[in-house]
Amino acid sequence: MGYKKVCIDCKKAFSIYKNNQEQINLTCPNCGKKATLFNHKFRPPKQTDSVKWKVVEFLKNNGFVYQHIYKEHNGVSTEVAYPETLKEAKEFVQLFKSQAYDLKNS
């Protein structure tokens with residue numbers, strides 16, 4: 001399954017593929033700092049789009065690495081789109097905090 005190794009500092013994402021036996025090196029090949037493993041669904045903004053990278057950073061810092069997020073309505077689960085703005089991201093984090101990952105312990 002594919003993943004993306006994302007470096008917020010460099011504003012870069014690197015596609016990687018792994019099987020369950022492989023250990024992933026989370027060092028950014030560009031700057032050498034620690035990167036974060038994001039879901040394959042993540043589509044990085046342009047490097048020059050600092051506003052959108054702030055949204056990505058905020059979501060990551062709150063445990064959202066573009067994993068599947070669902071909301072339930074009348075017993076039916078539907079997947080939720082990720083926010084585009086910081087204001088939407090703050091609301092998103094509050095609404096779906098129960099589905100966030102604890103990135104400090106992973």
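Annotations
- Region 11-34, residues that are part of a loop (DSSP other than H, G, I, E, B), modelled with pLDDT of 95 or more and either under 15 Å from the mean Cα position of the chain (by Cα) or of a type in the set (A, V, I, L, M) (or both): 11
- Within region 25-48, the presence of a residue that is more than 16 Å from residue 4 (Cα to Cα) and surrounded by 13 or more Cβ atoms within 10 Å (Cβ to Cβ) is excluded.
- Region 87-106, subset charged (D, E, K, R) and either under 10 Å from the mean Cα position of the chain (by Cα) or loosely packed, with under 14 Cβ neighbours inside 10 Å (or both), residue nearest to residue 35 (Cα to Cα): 104
- Some residue of region 50-69 being modelled with pLDDT of 95 or more, closer than 18 Å to residue 4 by Cβ, in a loop (DSSP other than H, G, I, E, B) and of a type in the set (Asp, Glu): no
- Matching residues in region 70-86 - criterion: being surrounded by 14 or more Cβ atoms within 10 Å (Cβ to Cβ) and within 18 Å of residue 44 (Cβ to Cβ): 82, 83, 86
- Pairs where the first residue, in region 84-104, is within 15 Å of residue 55 (Cβ to Cβ) and modelled with pLDDT of 95 or more and the second is of a type in the set (Phe, Trp, Tyr) and part of a helix (DSSP H, G or I), C-beta under 7 Å, 6+ apart: 86/58; 89/58
- Hits in region 40-91 - residues which are of a type in the set (A, V, I, L, M, F, W, C) and under 21 Å from residue 11 (Cβ atoms): 42, 51, 53, 55, 56, 58, 59, 64, 65, 86, 89
- Looking only at residues in region 87-106 that are in contact with a Gly (Cβ under 7 Å, 6 or more places away or on another chain) and not hydrophobic (A, V, I, L, M, F, W, C), the one that is farthest from residue 46 (Cα to Cα) is 102.
- Complete set of residues in region 18-68 that are in contact (Cβ under 8 Å) with a residue 24 or more places away in the chain, at positive phi and out of contact with any Asp or Glu (no Cβ under 9 Å at 6 or more places or on another chain): 66
The values are calculated or read from the model by the stated rules, or taken from the named source; none is laboratory data. If you're wondering where the values come from, they're calculated on a predicted model, not measured in any experiment. Backbone-built Cβ (ideal geometry, glycine too); neighbour counts: all protein chains shown.
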